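The values are calculated or read from the model by the stated rules, or taken from the named source; none is laboratory data. It should be emphasised that the depicted structure is a prediction, and the values quoted were computed from it without experimental measurement. Cβ: placed from backbone, ideal geometry, glycine included. Neighbour counts: every protein chain shown. Each accessible area value is taken on the protein alone, full model and side chains, heavy atoms only, with ligands, DNA and RNA left out. Shrake-Rupley method; radii C 1.70, N 1.55, O 1.52, S 1.80 Å.
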Amino acid sequence: DNGLSEADPEVRAIIDKEKERQFKSLELIASENFTSRAVMEAVGSCLTNKYSEGLPGKRYYGGNEHIDELETLCQKRALDAFHLDGNKWGVNVQPLSGSPANFEVYTAVLNPHDRIMGLDLPHGGHLSHGFMTPKRRVSGTSIYFESMPYRLDESTGLVDYDMLEKTATLFRPKLIIVGASAYPRDFDYPRMRKIADAAGAFLMMDMAHISGLVAASVVANPFDYCDIVTTTTHKSLRGPRGGMIFFKKDPVLGVDLETAINNAVFPGLQGGPHNHTIGGLAVCLKHAQSAEFKAYQNQVVSNCRALASRLVELEYTLVSGGSDNHLVLVDLRPFGIDGARVEKILDMASITLNKNSVPGDKSALMPGGIRIGTPAMTTRGFTEKDFIATADYIHEGVRIAIDAKSKAPGSKLQEFLKHVATPEFPLIDRV
Ligand code: PLP
């Protein structure tokens with residue numbers, strides 16, 4: 001039984017290079033984190049060998065007594081980690097990741113072409129919340145359901161709840177989705193609940209980005225207002241790559257969510273659960289109940305505030321003016337530079353973050369902003385002073401990007417490129 005180095009030195013070498021890249025860079029992607037050795041051990045265990053379609057006690061395969069024990073433990077820890085009463089809330093820990101979890105909810109509570117409303121992607125929402133462009137239904141969610149995204153108030157950078165309310169009254173969605181991939185503020189859940197009730201809609205929160213902060217009670221609690229809560233498990237929660245769906249046990253709008261959601265996961269959209277992930281998730285959810293985890297999440301938020309303040313001192317414009325959570329969204333347009341160029345320059349300097357659209361942007365490929373998150377480097381022990389230094393290094397990178405842009409070949413190159421993009425220079429069949 002050979003180890004990886006012996007069995008496959010090629011893959012071993014790639015993993016080693018990736019580990020070194022992670023170790024030597026400043027990881028500021030808001031959706032990433034470093035999970036624990038204990039989680040990794042469970043993920044890399046024999047649990048990956050087992051088929052267990054179904055739920056604990058109701059499987060389609062034999063030999064599942066230990067897997068049943070594991071999944072039941074994971075479910076219990078999930079409810080405990082989010083301070084939920086098991087008589088009122090249930091959870092499915094089998095979703096393979098965040099996007100499948102969301103689609104499983106839609107499959108459970110909607111019929112094809114039912115109407116949904118989620119935050120628009122260019123305003124911070126996630127693809128799986130129904131993203132579409134005027135030309136194309138990009139996400140499966142917008143292919144199978146009728147999506148009418150809501151947006152931010154561009155003057156404040158906050159969700160435009162008034163406009164959402166007006167639109168929901170006319171559009172009458174069956175599902176309203178709260179949650180985002182790039183929103184630096186907390187959500188007004190009572191207001192969202194009111195809007196959903198008036199429209200006769202289910203209210204779902206996708207807390208993927210902030211689930212660690214929710215577990216540690218450092219942001220508002222979506223469970224007090226929503227019918228369904230989905231999450232990834234690998235972002236601020238710091239677990240393995242996976243997903244979970246929490247649902248109210250009492251019927252909502254006449255739907256037994258427990259049955260509908262469990263059936264949508266399996267056999268609706270998935271086959272056998274990834275038991276190694278469920279093992280890793282159970283470990284993560286044990287960590288999530290510790291005092292150390294709460295201190296970590298508080299540090300994530302304090303670090304983000306320190307980062308935001310320093311960026312403001314350096315005269316950056318932040319969408320919404322600051323941050324209540326683990327990320328800041330920087331609008332680079334006042335500096336005359338875009339997020340794509342800055343991402344590229346910082347990448348060369350081992351600072352990893354991502355370009356991000358900001359309200360008012362025209363292009364998703366050349367968006368005007370960058371998203372910076374604090375969960376990963378906080379796991380590695382960064383405190384406020386380290387994030388202040390990080391802001392200064394980002395600033396240096398932005399200055400280099402601005403300088404490089406000013407020296408780049410200009411309009412003559414654009415003319416030349418137009419000439420190159422003609423049949424005179426075909427992509428294929430030249431010879
Ligand atoms: N939901 C939100 C809010 C996200 O930000 C993401 C991913 O970034 C997802 C869902 C999708 O998760 P996954 O990439 O695991 O499918």
Original post:
For the chain, what proportion of DSSP beta bridges, expressed in % and rounded to the nearest 5, is antiparallel?
Top reply: 65
Subject >> Surface per residue (accessible, 1.4 Å probe) for segment 1-141, Å² >> reply: 56
Original post:
What FRET efficiency, computed as 1/(1 + (r/R0)^6) with R0 = 22 Å and r the Cβ-Cβ distance, is obtained for ALA421 and ILE143, rounded to the nearest 0.05?
Top reply: 0.10
Original post:
In nanometres, what is the gap between the two model label sites at ILE29 and LEU4, each 7 Å from Cα along Cα-to-Cβ?
Top reply: 1.7
Original post:
Based on Cα positions only, what radius of gyration and what Dmax would you give for segment 41-88, in angstroms?
Top reply: 12.5, 34
Original post:
MET132: accessible area at probe 1.4 Å, nearest 10 Å²?
Top reply: 50
Original post:
Hey, got the Cα dimensions of segment 16-103 along the principal axes, in Å, largest first?
Top reply: 46, 31, 26
Original post:
Magnitude of the Cβ-charge dipole of segment 62-221, K/R +1 and D/E -1, about the Cα centre, nearest 20 debye?
Top reply: 520
**OP:** Kindly give Rg over Rh for segment 302-431, based on alpha-carbon atoms, with the Kirkwood expression for the hydrodynamic radius.
**Re:** 1.10
**OP:** Could you let me know the centre-to-centre spacing of segment 90-149 and segment 34-79, using Cα atoms, in angstrom?
**Re:** 27
Original post:
Okay, which of segment 292-328 sit inside 20 Å, backbone N to the point 7 Å along the Cα-Cβ direction of GLN22?
Top reply: 293, 296-297, 300
Subject >> Accessible area of the chain belonging to carbon and sulfur atoms, whole % at 1.4 Å probe >> reply: 55
Subject >> Approximate shape of the chain as ellipsoid semi-axes (Cα gyration tensor, √5λ), whole Å, largest first >> reply: 36, 28, 24
Subject >> Kirkwood Rh in Å, taken over segment 90-237 so that all alpha-carbon pairs contribute >> reply: 15.2
Subject >> Cα-projected label distance for ILE400 with VAL255, points at 7 Å along beta-carbon direction, nm >> reply: 5.0
Original post:
Going 7 Å from the Cα of HIS113 toward and past its Cβ, which residues in segment 126-157 have a backbone nitrogen under 16 Å from where you end up?
Top reply: 142-148
**OP:** Note down the accessible area of LYS355, probe 1.4 Å, to the nearest 10 Å².
**Re:** 70
Original post:
If you take the charge dipole of segment 206-305 about its Cα centre, with +1 on Lys and Arg Cβ and -1 on Asp and Glu Cβ, which of ILE210, VAL255, ASN303 is farthest toward its positive end?
Top reply: ASN303
Original post:
How much area per residue is accessible in segment 145-283 when the probe is 1.4 Å and only protein heavy atoms are counted (Å²)?
Top reply: 34
**OP:** Using a Gaussian network model of the chain whose springs link C-alpha atoms within less than 10 Å, name the residue from VAL105, VAL420, VAL91 with the highest mean-square fluctuation.
**Re:** VAL420
Original post:
Out of every Cα-Cα pair in segment 52-140, what percent are more than 22 Å apart?
Top reply: 47
Subject >> segment 373-431 - charge dipole about Cα centre, Lys and Arg +1 at Cβ, Asp and Glu -1, debye rounded to 20 >> reply: 120
Subject >> For segment 347-409, diffusion coefficient by Stokes-Einstein and Kirkwood Rh (Cα), 25 °C, 0.890 mPa s, µm²/s >> reply: 182
**OP:** Take the alpha-carbon centre of segment 244-309, take the same for segment 369-412, and report the distance between them in whole Å.
**Re:** 31
**OP:** Sum -39500 (n - 2.57) across every DSSP H segment of at least 4 residues in the chain, then divide by the residue count to get the 222 nm mean residue ellipticity, nearest 500.
**Re:** -12500 deg cm²/dmol
Original post:
What does the charge dipole of the chain about its Cα centre add up to, to the nearest 20 debye, if the Cβ of each Lys and Arg holds +1 and the Cβ of each Asp and Glu holds -1?
Top reply: 560
**OP:** Determine the sum of side-chain charges near ARG59: Lys and Arg each +1, Asp and Glu each -1, restricted to other residues whose C-beta is under 14 angstrom from that of ARG59.
**Re:** -3
Subject >> Label zone at LYS362, where the point sits 7 Å out along the Cα-to-Cβ direction: segment 321-339 residues whose backbone N lies under 19 Å >> reply: 331-339
Subject >> Stokes-Einstein D (µm²/s) once Rh is taken as the Kirkwood radius of segment 180-334 over alpha-carbon pairs, at 37 °C in 0.692 mPa s >> reply: 189
Original post:
Considering only ILE195, TYR225, MET366, whose Cα is most displaced toward the positive end of the charge dipole of the chain, charges sitting on Cβ of Lys, Arg (+1) and Asp, Glu (-1)?
Top reply: MET366
Original post:
With every protein chain present, what accessible area does LEU127 have (1.4 Å probe, heavy atoms only), rounded to the nearest 10 Å²?
Top reply: 80
